[in-house]
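Accompanying notes for the structure given below.
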Ligand SMILES: Nc1ncnc2c1ncn2[C@@H]1O[C@H](COP(=O)(O)OP(=O)(O)OP(=O)(O)O)[C@@H](O)[C@H]1O
Ligand SMILES: [Mg+2]
């Protein structure tokens with residue numbers, strides 16, 4: 001076992017090639033300190049699910065190492081499975097069983113005692129607001145209910161390290177927020193978490209650090225504000241009552257900030273690396289020239305903009321169906337339902 005201060009997850013130069021062509025992982029390395037959340041971001045096909053599958057022992061890498069709480073996941077997959085939970089991008093629960101049966105089955109696979117299995121299943125069904133649906137087969141569950149059950153299944157054995165691969169994809173905003181609070185609760189209790197998602201708001205809220213990967217490689221890493229600051233897209237944004245005023249005011253604001261003011265409809269943007277100083281200069285200039293201003297703010301780039309500038313793509317570019325087919329074409333997918341729990 002690793003010392004408490006050691007990272008809970010250490011990934012070192014993982015390489016995974018499919019059919020000798022697709023280099024899904026091309027030397028990925030990252031660490032997750034114990035008790036923290038890493039947001040793994042990347043466009044479709046970047047290698048996120050592949051990395052999660054290697055870490056959760058569902059897939060063997062061609063080379064490189066991965067350790068979870070000090071256990072080598074390639075050399076000791078059985079031991080590794082005892083300390084990890086996985087809620088997959090493609091929910092791994094049995095359609096024909098009821099919610100209760102699914103969780104009890106997972107408890108059995110995790111060697112929980114008979115009484116404890118039922119007790120834990122009941123507790124989780126209540127926690128995830130599924131108590132009323134406990135006796136219904138999953139065929140009758142909505143997408144959101146399945147997602148919740150999938151996450152509940154990952155928690156049966158109270159794993160110290162949890163992998164959530166797009167846990168809220170397809171959920172309505174209400175269910176997503178509910179799941180966020182469940183996840184935040186787990187983190188508060190000390191769970192170490194790796195989270196992949198297409199929703200940047202999700203990492204902005206939940207992740208301590210963000211690792212952006214593309215083409216199987218880490219392209220950048222840091223906290224959300226570090227990534228935003230590194231992009232350097234801070235600007236003073238002034239909104240005017242109409243476009244005509246915006247154009248005239250932009251003329252008046254020339255020479256302020258780091259670049260020529262840019263007019264976008266009724267908004268004028270002045271790029272800056274010294275936000276406060278530029279803001280007060282803009283305010284002074286507007287006061288002396290007397291233009292009417294609707295609003296004024298100093299704005300950091302959103303995480304979406306950071307992502308776009310790093311990868312050249314939106315986080316959700318491509319379709320879920322495409323990646324779904326890739327998964328189904330893989331013979332190892334079948335193991336995702338049971339072994340891991
Ligand atoms: N079983 C497989 N057989 C062949 N190629 C695969 C297989 N699994 C993944 N790939 C390929 O590996 C690359 C990485 O896929 P992966 O599923 O890890 O991406 P991802 O980042 O999870 O994408 P998404 O955002 O769509 O879930 C893609 O090019 C994909 O086509
Ligand atoms: Mg994926």
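The values are calculated or read from the model by the stated rules, or taken from the named source; none is laboratory data. Here the structure is a predicted model, which means the values were calculated and not measured. For neighbour counting, all protein chains shown are included, and Cβ atoms are generated from backbone atoms with ideal geometry for every residue, glycine included.
Annotations for the structure displayed:
- Hits in region 253-265 - residues which are surrounded by fewer than 17 Cβ atoms within 10 Å (Cβ to Cβ) and outside any strand (DSSP E or B): 254, 255, 258, 259, 260, 265
- Of all the criteria given as (1) out of contact with any strand residue (DSSP E or B) (no Cβ under 7 Å at 6 or more places or on another chain); (2) surrounded by fewer than 16 Cβ atoms within 10 Å (Cβ to Cβ); (3) modelled with pLDDT under 95, the one not satisfied by residue 242 is (3).
- Taken over region 215-236, residues that are modelled with pLDDT of 75 or more, surrounded by 15 or more Cβ atoms within 10 Å (Cβ to Cβ) and closer than 13 Å to residue 309 by Cα amount to 3.
- Odd one out for residue 26 among (1) modelled with pLDDT of 95 or more; (2) touching a helix residue (DSSP H, G or I) at 6+ places or on another chain (Cβ under 8 Å); (3) over 22 Å from residue 193 (Cβ atoms): (2)
- Yes/no for residue 268 being more than 16 Å from ligand 1 (Cβ to nearest atom), assigned to a strand (DSSP E or B), closer than 24 Å to residue 304 by Cα and without any contact (Cβ under 8 Å) to a residue 24 or more places away in the chain: no
- You will find that of 95, 116, 101, 78, the residue that is modelled with pLDDT under 90 and either buried (at least 19 other Cβ atoms within 10 Å of the Cβ) or assigned by TED's automatic domain parsing to the domain that holds residue 195 (or both) is 95 and no other.
- Summed over region 31-55, residues that are within 14 Å of ligand 2 (Cβ to nearest atom) and closer than 15 Å to residue 166 by Cα total 15.
- Qualifying residue in region 151-163 (condition: within 16 Å of ligand 1 (Cβ to nearest atom), modelled with pLDDT of 90 or more, crowded, with 21+ Cβ neighbours inside 10 Å and closer than 24 Å to residue 201 by Cα): yes
- If only residues of region 38-53 that are more than 15 Å from residue 11 (Cα to Cα) and in contact with a helix residue (DSSP H, G or I) (Cβ under 6 Å, 6 or more places away or on another chain) are counted, the one that is nearest to ligand 1 (Cβ to nearest atom) is 44.
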